């Protein structure tokens, strides 16, 4: 890890505003920073890194966005805005609105149950609110949407365990092949961190590719199966 002093006035620092991120997204970011040994400090809602690791940090943010989906764009406090008071809305509907704003790239800021959006986005947000109230809007990123098939983790564990013991096991290969296409990076099972789920999806695809290779290597299949089994073991 780079040795740096964030209080040194001569140090050039790069700031990342994550004020619009959810607590879960920030937790994923914190874990990823530790995994990648990226030096950093926090100042309120800003992540600060030394300029020397800016490229590495940018790459980390890109990876997280691929796993977690698009991130919310914070609305600047001094930007002209309109507000919508949604105190009477259930939390699930507010979650749906947040997901729609994120998916649409609309800057916003929540203050309790009131959401602020740019003035020029007022009509678009009005239409979103009408769609949510009428029940016609379903956003993939809303709470509870998506997710892998039921028992996906158990199936992955069973398939990888079979292939780790016998790289020619057809039951394990069939179960793996039927499941891999149904796994999506942005939809981890409940309780599985997005970063871990990303590794599971990548590991599953790599194992299937090895099994379906023209001249599969038994030792590589066993190694990949053991890796996948280790990733999912704690969740089954």
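Points worth noting:
- Just one of the numbered conditions (1) in contact (Cβ under 8 Å) with a residue 24 or more places away in the chain; (2) touching a strand residue (DSSP E or B) at 6+ places or on another chain (Cβ under 6 Å) is not true of residue 52: (2).
- Test result for residue 92, modelled with pLDDT of 90 or more, surrounded by fewer than 18 Cβ atoms within 10 Å (Cβ to Cβ) and closer than 27 Å to residue 29 by Cα: no
- Filtering 160, 230, 217 for residues that are surrounded by fewer than 19 Cβ atoms within 10 Å (Cβ to Cβ) and over 24 Å from residue 35 (Cα atoms) leaves a single hit, 217.
- Every residue from the range 43-68 that is buried (at least 19 other Cβ atoms within 10 Å of the Cβ), at pLDDT below 90 and closer than 12 Å to residue 26 by Cβ: 64, 68
- Test: residue in the range 21-36 that is loosely packed, with under 14 Cβ neighbours inside 10 Å, in contact (Cβ under 8 Å) with a residue 24 or more places away in the chain and touching a strand residue (DSSP E or B) at 6+ places or on another chain (Cβ under 7 Å): no
- In the range 142-236, counting only helices (runs of 4 or more DSSP H) that sit wholly within it, the ones holding 3 or more residues that are under 18 Å from the mean Cα position of the chain (by Cα) and modelled with pLDDT under 95 span 194-211.
- Flag for residue 46 being more than 23 Å from the chain's Cα centre (by Cα), under 27 Å from residue 13 (Cα atoms) and assigned by TED's automatic domain parsing to the domain that holds residue 29: no
The values are calculated or read from the model by the stated rules, or taken from the named source; none is laboratory data. These figures come from a predicted structure and were not determined experimentally. Glycine gets a Cβ as well: all are built from the backbone with ideal geometry, and neighbour counts include every protein chain shown.
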